[in-house]
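Trainee: My questions all concern the structure below.
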Amino acid sequence: MARLQLNQQKHFSVGPQLFGSFVEHMGTVVYTGIYEPDHPTATAAGFRDDVVQLVRKLGLKTVRYPGGNYTSSYHWEDTIGDKKQRPRRMNLAWQAVETNQFGLDEFFQWCQQVHVENPVLTVNLGTRGIDDALHELEYVNGALDTDWANLRRQNGHTEPYGVKYWCLGNELDGKWQVAKKTPEAYGKLANETAKAMKLMDLNIETILVGSSTPRLASYPSWDFKVLMAAYDNVDFIAMHDYVDRGQSEHMDQEDQASVDDLPTYLARSREFDKQIEEIETIADAVKALKHSSKTMKISFDEWNVHRRSLKAPQPWTEHNPVDWCYFNLADTLLFGSMALAILRHGDRVKLSCQALLVNTIPLILTDEGGAAWANPTYYVLQSLLQNLTDQTHVVESTLVDGDVYSTTRYQNVPVVDQVVVDTGSAYVIYAVNRGKTTQQLTVTLPRTIKSGQQQHLIGELDAQNTREHPDTLTLMPRDDFQCDPSSTTQTAMLNGYSWNVITYNYR
Ligand code: AHR
């Protein structure tokens, strides 16, 4: 039993780029994931059309590319021009042979196919630096009669791509990274790179590498130091985090990993709320110290629940699988609460990328030469994206008298986790029931409504969508849903362990 009170005030606006995804040259994300020229559904360009259709239905508008760790030693210019001339290289981050048959221009062509409007690119600030980033920017966005822009034209792409968001490297605080840096060295390099890139293109926004995870000893002093070095020339600080059901609280002490009980696991999204609020605090302290009028935005450009691969690694092959996994209902509920933490903080988190789109801790799974199907997390993201337009606002909502629970790690966790948006024609309540039993949710709306509906994702906690049973966990209409158009008070039922989307149309 819980009561939800909506405030008339629209809180802040949120758009579709709040929930993007990520395509990295990692495992089978690209090769046999989105690109497979010999697949029965392959398009003339070699894209898997079964995956294209799934991505379109997802409603994705933002995709980050091409990494990730991959970018810290990659050469972007290996990936353009005549495919037969492109070099085969060692992908050091993921121990695979990179054929470069899918590169920058193919990525933009694929974005067009899947209706992604907002590509986010990462430059190599690991083994490379300012010059390389400038050449890539000129190739991608250059509009003048200059060398790299002309090479793009020569390759058949007359118009500049107009990419707005640029990540200044990736996870350069991590010991796993090729060319890890100190915060001082990275901060200086990122600042000068951003400054030079903005001299070339005034319309871009740059994203500074923040801590790879709050479970590193250098968190959050890394964020403070790099922001102090680069505040004036960057627009976003990046956040990354993945939650595994069995993990250590300190990344450098993996031997102390422990497995969460279910109530603790389902409350793990609280770490996202905490991490976002801590990064906001650090960024605002730097703003004050710098006497700046600019408020730093947050790009949560890698987040997800995490599971290990079901497929054995095949190092130094062209398709070395990495973290190819099914998510079950418990993972999906945590994923839903993580998404709600991001939505709740949509006043500062202006970009986020679930990682990754296909075949590595994915939304979509594929078999080489075979089927493509969706993990249940796909339906959570789809249900969020379908209500995020440039008209959408998060509405202030207060949960009164709701049940709470406590675990050793977390106290007073609301059983019902919720965020409400106003789309301009409807109030949409997103709610996770983290508990075993049905919850009755009584909502007081700011006005009467015309109609309503409820969809939910329910099932066994360990159920999964497999190639044999791809629709075990999907979003279904709740048949016994009722609403009363004459009243501002409505009641909805939330099954035990469920993801819910309750829509009250007022237009
Ligand atoms: O799972 C994706 C990888 O995780 C990215 O390459 C890296 O940035 C992160 O550590």
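Trainee: Out of all the residues in region 227-266, which are β-branched (V, I, T) and more than 16 Å from the ligand (Cβ to nearest atom)?
Mentor: Matches in region 227-266: V234, V259, T264.
Trainee: Among N100, N141, N150, which is over 20 Å from Q354 (Cα atoms), without any contact (Cβ under 8 Å) to a residue 24 or more places away in the chain and surrounded by 18 or more Cβ atoms within 10 Å (Cβ to Cβ)?
Mentor: Selected residue: N100, the only one of N100, N141, N150 that is over 20 Å from Q354 (Cα atoms), without any contact (Cβ under 8 Å) to a residue 24 or more places away in the chain and surrounded by 18 or more Cβ atoms within 10 Å (Cβ to Cβ).
Trainee: Can you work out which of the residues in region 42-69 that are away from the ligand (no atom under 16 Å from the Cβ) and assigned to a loop (DSSP other than H, G, I, E, B) is most open to solvent (accessible area, probe 1.4 Å)?
Mentor: Applying the filter and picking the extreme gives A44.
Trainee: Looking only at region 77-89, count how many residues are in contact (Cβ under 8 Å) with a residue 24 or more places away in the chain and either closer than 15 Å to V163 by Cα or in contact with a strand residue (DSSP E or B) (Cβ under 7 Å, 6 or more places away or on another chain) (or both).
Mentor: Total satisfying the criteria: 1.
Trainee: Return yes or no: is A285 surrounded by 18 or more Cβ atoms within 10 Å (Cβ to Cβ) and closer than 27 Å to L351 by Cβ?
Mentor: no
Trainee: Something else now. Does F22 fit the bill of being within 16 Å of the ligand (Cβ to nearest atom) and aromatic (F, W, Y)?
Mentor: Against the criterion (within 16 Å of the ligand (Cβ to nearest atom) and aromatic (F, W, Y)), F22 qualifies.
Trainee: Let me spell it out: the conditions are (1) more than 13 Å from the chain's Cα centre (by Cα); (2) crowded, with 24+ Cβ neighbours inside 10 Å, and A339 meets all of them except one. Which number is the exception?
Mentor: (1)
Trainee: Can you spot a residue in region 315-331 that is under 22 Å from S218 (Cβ atoms) and not in a loop (DSSP other than H, G, I, E, B)?
Mentor: No, region 315-331 contains no residue that is under 22 Å from S218 (Cβ atoms) and not in a loop (DSSP other than H, G, I, E, B).
Trainee: Same structure again: If you go through region 169-177 one residue at a time, do you hit one that is open to solvent by less than 10 Å² (accessible area, probe 1.4 Å), without any contact (Cβ under 8 Å) to a residue 12 or more places away in the chain and either away from the ligand (no atom under 16 Å from the Cβ) or of a type in the set (D, E, K, R) (or both)?
Mentor: So far as region 169-177 goes, no, none of its residues is open to solvent by less than 10 Å² (accessible area, probe 1.4 Å), without any contact (Cβ under 8 Å) to a residue 12 or more places away in the chain and either away from the ligand (no atom under 16 Å from the Cβ) or of a type in the set (D, E, K, R) (or both).
Trainee: Please specify each residue of region 405-426 satisfying the condition of being under 21 Å from H11 (Cα atoms) and over 24 Å from the mean Cα position of the chain (by Cα).
Mentor: G424, S425, A426 - these are the residues of region 405-426 that are under 21 Å from H11 (Cα atoms) and over 24 Å from the mean Cα position of the chain (by Cα).
Trainee: Continuing with this model, one more query. Taking interchain pairs and intrachain pairs at least six residues apart, which have beta carbon atoms under 9 angstrom, with the first residue in region 205-219 and more than 27 Å from A133 (Cα to Cα) and the second of a type in the set (A, V, I, L, M, F, W, C) and open to solvent by 30 Å² or more (accessible area, probe 1.4 Å)?
Mentor: If the second residue must be of a type in the set (A, V, I, L, M, F, W, C) and open to solvent by 30 Å² or more (accessible area, probe 1.4 Å), the pairs left are R215/M251; L216/M251; A217/M251.
Trainee: Quickly run through region 1-47 and pick out the residues that are among the charged types (D, E, K, R) and closer than 20 Å to Y378 by Cα.
Mentor: E24
Trainee: Among the residues of region 357-368, is any under 28 Å from P37 (Cβ atoms) and surrounded by fewer than 21 Cβ atoms within 10 Å (Cβ to Cβ)?
Mentor: Yes, because at least one residue in region 357-368 is under 28 Å from P37 (Cβ atoms) and surrounded by fewer than 21 Cβ atoms within 10 Å (Cβ to Cβ).
Trainee: May I pose another question? Only one of L340, L351, L310 is within 16 Å of the ligand (Cβ to nearest atom) and either in contact with a Ser or Thr (Cβ under 6 Å, 6 or more places away or on another chain) or not in a loop (DSSP other than H, G, I, E, B) (or both); which?
Mentor: Answer to the selection: L351.
To keep it simple, each residue is scored yes or no on (1) over 17 Å from A339 (Cβ atoms); (2) free of Cβ contacts under 8 Å to residues at least 12 places away in the same chain.
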{"residue": "A431", "(1), (2)": "no, no"}
{"residue": "P446", "(1), (2)": "yes, no"}
{"residue": "L461", "(1), (2)": "yes, no"}
{"residue": "T472", "(1), (2)": "yes, no"}
{"residue": "D484", "(1), (2)": "yes, yes"}
{"residue": "T489", "(1), (2)": "yes, no"}
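Trainee: From the list V234, V259, which one is open to solvent by less than 40 Å² (accessible area, probe 1.4 Å) and either modelled with pLDDT under 95 or within 26 Å of L189 (Cα to Cα) (or both)? Can you show your working first?
Mentor: Working: V259 fails: open to solvent by less than 40 Å² (accessible area, probe 1.4 Å).
From the options V234, V259, the qualifying one is V234.
Trainee: Quick check on this structure: which one of S299, S269 is in the same structural domain as T332 (by TED's automatic domain parsing), surrounded by 18 or more Cβ atoms within 10 Å (Cβ to Cβ) and within 16 Å of the ligand (Cβ to nearest atom)?
Mentor: Result of the check over S299, S269: S299.
Trainee: Same structure again: Mind checking whether some residue in region 108-119 is within 22 Å of M200 (Cα to Cα) and either open to solvent by less than 10 Å² (accessible area, probe 1.4 Å) or of a type in the set (S, T, N, Q) (or both)?
Mentor: yes
The values are calculated or read from the model by the stated rules, or taken from the named source; none is laboratory data. All figures in this text were calculated on a predicted structure; none of them were measured in a lab. Every residue, glycine among them, receives a Cβ derived from its backbone with ideal geometry; neighbour counts consider all protein chains shown. To get the accessible areas, we keep the full protein, side chains included, count just its heavy atoms, and leave off ligands, DNA and RNA. Shrake-Rupley method; radii C 1.70, N 1.55, O 1.52, S 1.80 Å.
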